[in-house]
Structures are given as structure tokens and as C-alpha cells.
Amino acid sequence: MTIREEIERRRTFAIISHPDAGKTTLTEKFLLYGGAINSAGSVKGKATAKHAVSDWMEIEKQRGISVTSSVLQFTYGGCCVNILDTPGHQDFSEDTYRTLMAADSAVMVIDGSKGVEAQTRKLFKVCAMRHIPIFTFINKMDRDAKDTFDLLDDIEQNLGVFTCPVNWPIGSGKDFKGIYDRDSKEVIQYFDTQKGTKEGTETRVPIADTEKIIGEIGQDAYDKLMGEIELLDGASEAFDLGKVQKGELTPVFFGSALQNFGVEIFLQAFLRMALPPTARRSDQGLIDPVEHDFSAFVFKIQANMNKAHRDRVAFMRICSGKYEAGMEVRHVQSGRVQRLSQPQQLMADDRKILTEAYAGDIIGVFDPGIYSIGDTLCMPKENFRYEGIPTFAPEHFARVKQVDTMKRDQFVKGIRQIAQEGAIQVFQEYNTGMEEIIAGVVGVLQFDVLQFRLKSEYNVEIKLEMLPYEHIRWIANPEEVDVEHIVGTTDMKLVKDMKDRPLLLFINPWSPQMVLDRNKGLELTEFSKNNTFENI
């Protein structure tokens, strides 16, 4: 294949949802159809305990939740599919926000009995800001669900996007009979398939075959379906692929990921509608994925994926061109030209060394400690940067103390490496070394993960002392003010981040403005300075 053909068959998307909507289950079924695994919950060829493939960290297996994004790749129907499975829990939403920067589209999973939930709204906003296409799978139709029109109205009212049902459910719960395909005008019947498999019978009956349809689903279900189809055809938004690809219209599908009904129908339609890799913004304009040579950006760093080697892997989204083994690239932030070390294709924590990869692919590269989230890589003769990845302000803070002071080196190393992943933010007293460490997180569950990982990966036990601070401001112009003599408030604390940038922590929401009023010329910002082209 040519480079253009390889790139155009790529589909790279993130799966987003509120916790427990069935996102990870849907991911597993995609992998089944792609032949990447033999049964849901187990990696192909491995006789291991059944944990979700994408939940590979030990704490994920113990708690049954996703706490970090996973990268999964498979081929299906001629397409090379890259799935970015994201944590659903709101305490890990920052990892999801960063991961969405690497996706070309998103699959939104909604629980049919609950509709749009809080975390779904937050994640949708990030997708909407980037104008990426959203494809909706309304899950758990084998359980009692809300009225279907109410579900669509819920999406439109809460998320501000038009909906276009591609298929339509016939009942729900114990009365779930199947789905009606609006394009082929066929009823696809629901059968309870064996959990964890893709086998099952699928019967399609043309809606025009009235007698057979009634015989299969019953008179009442038929009458209700015909009334809903008439209302749907008259009132629903017409399908418009252009609007879908601009993120203005979301195609809606129904099914049950657990029972594996409607999943392959959804996957096939999604691959037809979703865009291949498109041009991305840089400080030198749009970078075309096909016409431009190799370039990529780092959206995630993960330490200790291989416990035996204590390695760090930088996850990169290839944005343009082709990667070939042994090629030299420029790490723009440091200016260094280097060979990417041990580039790998990843299936959660399983790896395969790559000799080539294309725009749209996600690769993992050994990180000797030089990469940061948001870094750009390009060919040696070039020097441009992709748009920055936002750092979100922490909302919870705790003083971190090691139990065994003899393990200071492991403690400092562990804290620094976990912080470099973006899971936590680390602050210190402004004029001291690492004597007092304050961790800031977006969600309190991240503190549990910090404790668990320091113990399991670095053999360091810590105690956490919760602090009352809730508001954070970076000093935007430290070179223009006397940082150490800022006239503050009684609830203010002066600290610095891992890049020695000064910032202020506050307990009360009105204190930042009071500090600005008391210090003429001082500028404060809610974000660190390296998130825009101007401030890189």
C-alpha cells in the first residue's frame, strides 16, 4: 500500500462515558470482532484470570475501575483501528481530557436506563471544543430503559447536539425484541448470546413482511414500532455526514454490549462514517497527515508498565507521515535530534516492537526522562510545535510524608515519575528542596492511586495529610514582581511546581482577587504557562 492508502484506512477514536455505562465492555467486544482477543476479559493466547484487557494496572484489577487510559489496536473490515479507552470515573478525567487530544473522533456510551450523566456532559464538552465527531451507542437495552424519544431529547437538551437514530430499539428489558434498521428497513432480532463471545444468530426480516414480523415480535410491539417509525421519520433530524464529521450531529445506535447485540452493526457503521486522520494545528499552520513527513506529539507518559525493568513509556500520536525503524527525529522542546528508542505497538500492557507506523497510529517509545506531555517530534530539518495540552488546576491538596525516611531516594523518584505522567501535580515550599511535598489532584481517588503505586512500584509507604486549599493560581510574571514579598492573605501559601514556577494556593475563592488588589503589576493565571503557542 502507499502511504496515503495506509493513512486513509486508519480510524483513531476514544471511548467516553459515565462510570458503569458499559464503555470497557463495548471495547472488549470490538476487540473480539477484530480478533485481538479470544474471549472478553482475556488477552488472546493467554490463560490468565479474566480482567478487562484495557484495565491492566493492578489497582484497576483490584477495584474493577479504569484509572488510566489504555491504547488498543486491531484490524477490521480493511481498517486499522486504534482505540483509546479512557477512565470513566470523574477523579481521573484529566487523563481522559489529554487522551481526547489524540483522537480523531469519539464514541459516547450511554446507559439506556439513566440517560446523559454528569461525567458524560463534561467529556462531551471537551469533544465539542475540538469539534470532533461523536458517535452514540445507547447501551443496556436488555435492561429496562427510558423512553427512546426521551433519551434522544436528553442528549439534545443536555449536550446541545442534534441526534439522528441510525437504528431504533424494539422495547427494552424483558420486552427487548431487537432493533429496526432505518436504512435497510429491516428488523434485526435480539437473541441472548453467550457472554464473552461473538457467536449468535442474527435474523433480519424486512419491515414490509408484516405477517412474519408480527409472528416474531408480537402485535403490540409491532403496532408500537410502526407508530414510532412514523413519528421518527417525520420529526427526527435527517442524516447528514458533513454535520456528523463537524461534530454537529451525532448518529445514535442501540444495543447491549454485555449480550453482544448491536455491537458489530455499530462498529461497521462507525468505520464507514468516521474520518481518517485529518490535518492538525501547529504554530506554523495546519499539518497535513499525508503530504507532510513524520511528526507526532506526546499525550501520555506511563511509568513502570514493565515492573521488571522499571521503564517509562511515552505514548505518541503520529500526526503525519510514516515512522520507519531507525529514523532520526527532532525532539522540538529540547532541540535534540535522536532515534526513537524501541517504538512499540501496544495492547494495553502487551507490546510488539514496530518497524513502521503511520499517521493515526499510537506508538509507545522508551522515555529516558526527556519527554513531557504535549511535546512535539518532527523531522530533523523541521522545527514546529503542535498546540499545547491543557493542564487542569488541582482541586484537592495533601501534604505527602514518607513513613520510612531511609527510603528518601525511592520516594523522590516515585513522586517525580508519577507526577511526570500528569496523574498528580507536585508542589514544594518556594525556598526549599523536596523537604515538604504537596500533591494536588483533580479527584480525591487519585490520592489512593498515588499511595498504591508508591507502595507497589517503589516499595515506599506514605501518609497523606489533607490540606484545606481549594484554589490555585500561577504567577504569570514572576520576573516582574518580588515573588518572596508578595502581600498575601492569611489563607495563602506560596509554593513552586516541578519546573520551579511560583504559584499561590488559597482556601477562599475571593482571596486571589484580594492579592491582585494588594500587589500592583502582579498577574495570576489558573493554568501553567506552557499551554499555548505564545507561552511555550
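The values are calculated or read from the model by the stated rules, or taken from the named source; none is laboratory data. Please read all numbers here as calculations on a predicted model, not as lab measurements. Neighbour counts run over all protein chains shown; Cβ positions are idealised from the backbone, glycine included. Calculation scope for accessible area: heavy atoms of the full protein, side chains included, ligands and nucleic acids excluded. Shrake-Rupley method; radii C 1.70, N 1.55, O 1.52, S 1.80 Å.
For VAL515, the test of being farther than 26 Å from GLY443 by Cβ, in contact (Cβ under 8 Å) with a residue 12 or more places away in the chain, out of contact with any Pro (no Cβ under 9 Å at 6 or more places or on another chain) and in a loop (DSSP other than H, G, I, E, B) is failed. Just the residues that are buried (at least 19 other Cβ atoms within 10 Å of the Cβ) and not aromatic (Phe, Trp, Tyr), please, taken from the stretch 118-127. Correct list: GLN119, THR120, LEU123, VAL126, CYS127. Residues in the stretch 128-145 that are part of a loop (DSSP other than H, G, I, E, B) and surrounded by 18 or more Cβ atoms within 10 Å (Cβ to Cβ): ILE132, PRO133, LYS140, MET141, ASP142, ALA145.
SER282 passes every criterion in (1) of a type outside the set (Val, Ile, Thr); (2) open to solvent by less than 60 Å² (accessible area, probe 1.4 Å); (3) farther than 25 Å from LEU340 by Cα apart from (3).
Residue-wise test of (1) in a loop (DSSP other than H, G, I, E, B); (2) modelled with pLDDT of 95 or more.
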site	(1), (2)
GLU264	no, no
THR278	yes, no
VAL290	yes, yes
PHE299	no, no
GLN302	no, no
LYS307	yes, no
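Inspect all residues belonging to the stretch 153-162 and state whether any of them is in a strand (DSSP E or B) and open to solvent by 10 Å² or more (accessible area, probe 1.4 Å). Checked the stretch 153-162: at least one residue is in a strand (DSSP E or B) and open to solvent by 10 Å² or more (accessible area, probe 1.4 Å).
Looking across ARG121, ARG143, ARG130, one residue alone is touching a residue at least 24 places away in the same chain (Cβ under 8 Å) and over 25 Å from LEU258 (Cα atoms). It is ARG130. For the stretch 1-53, the set of residues classified as modelled with pLDDT of 90 or more, farther than 15 Å from LEU72 by Cα and either open to solvent by 20 Å² or more (accessible area, probe 1.4 Å) or basic (Lys, Arg) (or both) consists of THR2, ILE3, ARG4, GLU5, GLU6, GLU8, ARG9, listed by residue number.
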